[in-house]
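Following: one structure in structure tokens, then a few remarks.
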Amino acid sequence: MERRTIGATALEVGAIGLGCMPMSWGYTESQRNGEGSLRAVHAALDRGCTLLDTADMYGPFTNELLVGRALKERRAEAFVSTKVGLLVGEQHIVANGRPGYVKRACDASLRRLQTDVIDLYQLHRTDPEVPIEETWGAMAELVAAGKVRSLGLCAVGARAGRRRGARLYDGTLRLLERVQQVFPVSSVQAELSVWSKEALEQLLPWCVTRGVGFLAAMPLGNGFLTGTLTPGQGFEPEDIRARHPRFTAEMMAANQPVVAGLRRVGARHGATPGQVALAWVLAQGRHVVPVPGTKKERWAAENAAAADLVLDRRDLAEIAALPPARGSWD
């Protein structure tokens, strides 16, 4: 598999990563299976998907424990990415960016992951009560202590609540400029897919001009772009798609032309719609690493195979001409 570099640290990863969140958090609880998820991690590593992306809040904590089981046997093959900055309560999630907490959280993540160093430590969300320079400074101290190799920032790009005329990632870009004055950013993680292209306007160009890696979250559109979901199928209450404005029955039906277009392109290459969606993300530049989430061995293998799919000009033009995705916010 092709290798890509994360930031100025020159740390190399496979062209496609593995998002481990669905194994423990956010998606259909009834389909979670620890042993099945472990097989998915091994399948990804077997095929060169070295970047394993997790967070202490997923579970909470159980996702890191699961990844740690795989790392115990195969640490040298993996690029370990986890996140800090969010605390999960009974009915709420709160940010905590206090320096003391960040350092304790890192030590706890190291224990759960069964490793002595985290390759990429990402700030999940900023704490509105703590200047980001203080949080980032504590994270930089972890690099100096040898507990972390590089630092990344997860972008915040809520469509609702923005100032009139503001672009989606204006706030994230301001944060990035601030933390760059403290310690270099190696990666930015944000949503990027065929049906969510906003990062191409500002965020990815910022990364490219500074040699910063871009981790494309949700490159399969929360599963929609795989073509395996049926409009009106419903989701379990804890599934994030049950409240997502693009996953109402009406909007899933309205967005079927997007999947149909990916399916047409895939038919020319003997590929699935999901593989075409991942290949499109890879085509956005050498700095980009898609991180599709899955909890099943079958999908991990299929996603990894997308690294070998090269889209030509006709393919990219056809995808560019697809109708924009709709959501209940439109």
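So here's what we get for this one:
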| quantity | calculated |
| --- | --- |
| Any hit, segment 15-34, residues being without any contact (Cβ under 8 Å) to a residue 60 or more places away in the chain, among the hydroxyl-bearing types (Ser, Thr, Tyr) and within 26 Å of Glu134 (Cα to Cα) | no |
| Residue pairs meeting the criteria (Cβ under 7 Å; at least 6 apart or on separate chains; first touching a residue at least 60 places away in the same chain (Cβ under 8 Å) and under 15 Å from Gln91 (Cα atoms), in segment 229-240; second charged (D, E, K, R) and open to solvent by 60 Å² or more (accessible area, probe 1.4 Å)) | Glu238/Glu29 |
| Entirely in segment 142-256, the helices (runs of 4 or more DSSP H) that have 1 or more residues that are within 21 Å of the chain's Cα centre (by Cα) | 170-180, 203-210 |
| Test: residue in segment 279-287 that is over 25 Å from Ser24 (Cα atoms) and aromatic (Phe, Trp, Tyr) | yes |
| Residues of segment 30-52 classified as within 18 Å of Ile240 (Cα to Cα) and not in a helix (DSSP H, G or I), total | 1 |
| Failed item in (1) within 16 Å of Trp299 (Cβ to Cβ); (2) within 16 Å of the chain's Cα centre (by Cα); (3) crowded, with 19+ Cβ neighbours inside 10 Å, with Gly26 passing the rest | (3) |
| Among the candidates Ala320, Ala279, residue that is small (Gly, Ala, Ser) and open to solvent by 10 Å² or more (accessible area, probe 1.4 Å) | Ala320 |
| From the options Arg268, Arg314, Arg298, Arg264, residue that is closer than 30 Å to Leu120 by Cβ, part of a helix (DSSP H, G or I), open to solvent by 20 Å² or more (accessible area, probe 1.4 Å) and not acidic (Asp, Glu) | Arg298 |
| Positions within segment 64-118 being part of a loop (DSSP other than H, G, I, E, B) and either small (Gly, Ala, Ser) or within 21 Å of Leu52 (Cα to Cα) (or both), in sequence order | Ala78, Gly85, Gly89, Gly97, Gln114, Thr115, Asp116, Val117 |
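Residue-by-condition table, conditions (1) modelled with pLDDT under 95; (2) among the hydrophobic types (A, V, I, L, M, F, W, C); (3) surrounded by 14 or more Cβ atoms within 10 Å (Cβ to Cβ):
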| site | (1), (2), (3) |
| --- | --- |
| Ala158 | yes, yes, no |
| Val194 | no, yes, yes |
| Lys197 | no, no, yes |
| Cys207 | no, yes, yes |
| Leu225 | no, yes, yes |
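The values are calculated or read from the model by the stated rules, or taken from the named source; none is laboratory data. Predicted model only: the values in this text are computed from it and were never measured. Note: ideal-geometry Cβ built from the backbone for every residue, glycine included; neighbour counts use all protein chains shown. Note: areas computed on protein heavy atoms with side chains; ligands, DNA, RNA excluded. Shrake-Rupley method; radii C 1.70, N 1.55, O 1.52, S 1.80 Å.
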